[in-house]
Amino acid sequence: PHTISMVPCLRDADEQVRSQCVLTLGCVAKDALAIEASAIANIVENATQHPYVRRAAVQALGHLDPGKLQQFAPLLLQNIVSKHGFVRRAVVDALGGLHATSLLPHAKHIVRTLEDPEEEVQQAAVTTLGLIIGDPTLLADHFPSILAKTRHKDGGVRASCARLLGKLEPSALAERAPVLVSMLNDKEERVRTSAVEVMARLDPPDLARFI
């Protein structure tokens, strides 16, 4: 009942009040949040809203049950190209709340964010894609793109792709270990470190082949 009395705050003249109102609504029980989801989605859809308010709205939607969240996935994807990195990160994080089968159709959009100029967005992509990469067959169509990004000009992108490979099951990781071995000679320390850390996840007999 208290969520209903808070809804007018979503239209407050001050963006800090609107932002805090959305964040607070995101803390309520999922069934209560679902009731106000459309009002929160309207904030995401409104391009004139302050970006901090839109980020808060995206974060609140990310707390919905996966089935309800799926309803708003197209709207979230519209904001994955926001000019504000913190909004893009919130979108990628929120999409991680979907079931793997519902997330898969949107994988190509998330794979692109591995090349985002903001490292926090790249890391969010690693986390979200990691929810479905455990089964390599699910991302089979996207693996060529992911592997190509291990040679990206940006070291942060290369390191993020190495960490993403680390989400694979050891047997699937072993098949792609040569890619990690090649990254051990990368010019940037963060890439080499990521590659070494991921190789530690190999089963001992597979790891021994590369020593």
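Given the convex hull of the Cα atoms of the stretch 45-86, what is a quarter of its surface area in nm²?
So the Cα hull casts an average projection of 2.8 nm².
Could the peptides 102-109, 53-60, 24-31 be put in order, highest first, of the mean number of other beta-carbon atoms found within 10 Å of their residues?
Ranking the peptides 102-109, 53-60, 24-31 by packing returns 53-60, 102-109, 24-31.
Once the Cα atoms of helix 189-199 and of the chain are each reduced to a long axis, what angle between those two axes, in degrees from 0 to 90 to the nearest 10, is obtained?
Between helix and principal axis, roughly 80 degrees.
Could you name the lysines in cross-link range of K30, using Cα to Cα under 30 Å and dropping any fewer than eight places away on the same chain?
Result set, ordered by chain and number: K68, K83, K108, K167.
Taking a ≥ b ≥ c as the square roots of the Cα gyration tensor eigenvalues, with a/c under 1.5 meaning rounded and otherwise prolate when a/b beats b/c, else oblate, which class fits the stretch 1-110?
Oblate shape, in that a/c is at least 1.5 and b/c is the bigger or equal ratio.
When ligands, DNA and RNA are left out and all protein chains stay put, how many square angstrom of accessible area per residue does the chain have with a 1.4 Å probe?
50 Å²
About its Cα centre, how strong a charge dipole does the stretch 122-192 have in debye, to the nearest 20, once Lys and Arg get +1 and Asp and Glu get -1 at the Cβ?
Charge dipole, the stretch 122-192, about its Cα centre: 280 debye, nearest 20.
The values are calculated or read from the model by the stated rules, or taken from the named source; none is laboratory data. All of these numbers come straight from a predicted model, not from anything done at the bench. Counting neighbours? That spans all protein chains shown, and the Cβs are built from the backbone with ideal geometry, glycine included. These accessible areas exclude ligands, DNA and RNA; they are computed on the full protein's heavy atoms, side chains included. Shrake-Rupley method; radii C 1.70, N 1.55, O 1.52, S 1.80 Å.
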